[in-house]
1. Which of (1) more than 21 Å from residue 41 (Cβ to Cβ); (2) surrounded by 13 or more Cβ atoms within 10 Å (Cβ to Cβ) does residue 98 not meet, given it meets every other one?
2. Being part of a loop (DSSP other than H, G, I, E, B), surrounded by 14 or more Cβ atoms within 10 Å (Cβ to Cβ) and at pLDDT below 90: is that true of residue 53 here?
3. What is the one condition in (1) in a strand (DSSP E or B); (2) at pLDDT below 85 that residue 101 does not satisfy?
């Protein structure tokens, strides 16, 4: 599998942002870095059934194996759309060295 980085996604990590009024830990998404990726629409209906999401909001993203991504991260594009990772991050370290992410586009309120 050869992938071509055609999109830049901005990665936000869910981290502790401080302490709240009653001493509770307050968490929020904080910008971490930019990730060059091959961003595509998901066309596999089995994947949409597995995760129980609408196929129109499901995407796949191929990134380099050396990029650190957590399954709790949020990804954003330049148009203001936000995506979250569903399922496990699939790593293919053998020949082409890439990771495959399944993303769901968050609906805007």
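The values are calculated or read from the model by the stated rules, or taken from the named source; none is laboratory data. Only a predicted model underlies this, so the values are computations on that prediction, with no experimental measurement involved. Backbone-built Cβ (ideal geometry, glycine too); neighbour counts: all protein chains shown.
1. The number of the failed condition is (1).
2. Working: part of a loop (DSSP other than H, G, I, E, B): yes; surrounded by 14 or more Cβ atoms within 10 Å (Cβ to Cβ): yes; at pLDDT below 90: yes.
Judged against the criteria, residue 53 is a match.
3. For residue 101, the exception is condition (2).
Residue by residue, here is whether (1) at pLDDT below 90; (2) out of contact with any strand residue (DSSP E or B) (no Cβ under 8 Å at 6 or more places or on another chain) holds:
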{"site": "37", "(1), (2)": "no, no"}
{"site": "49", "(1), (2)": "yes, yes"}
{"site": "68", "(1), (2)": "no, yes"}
{"site": "85", "(1), (2)": "no, no"}
{"site": "91", "(1), (2)": "no, no"}
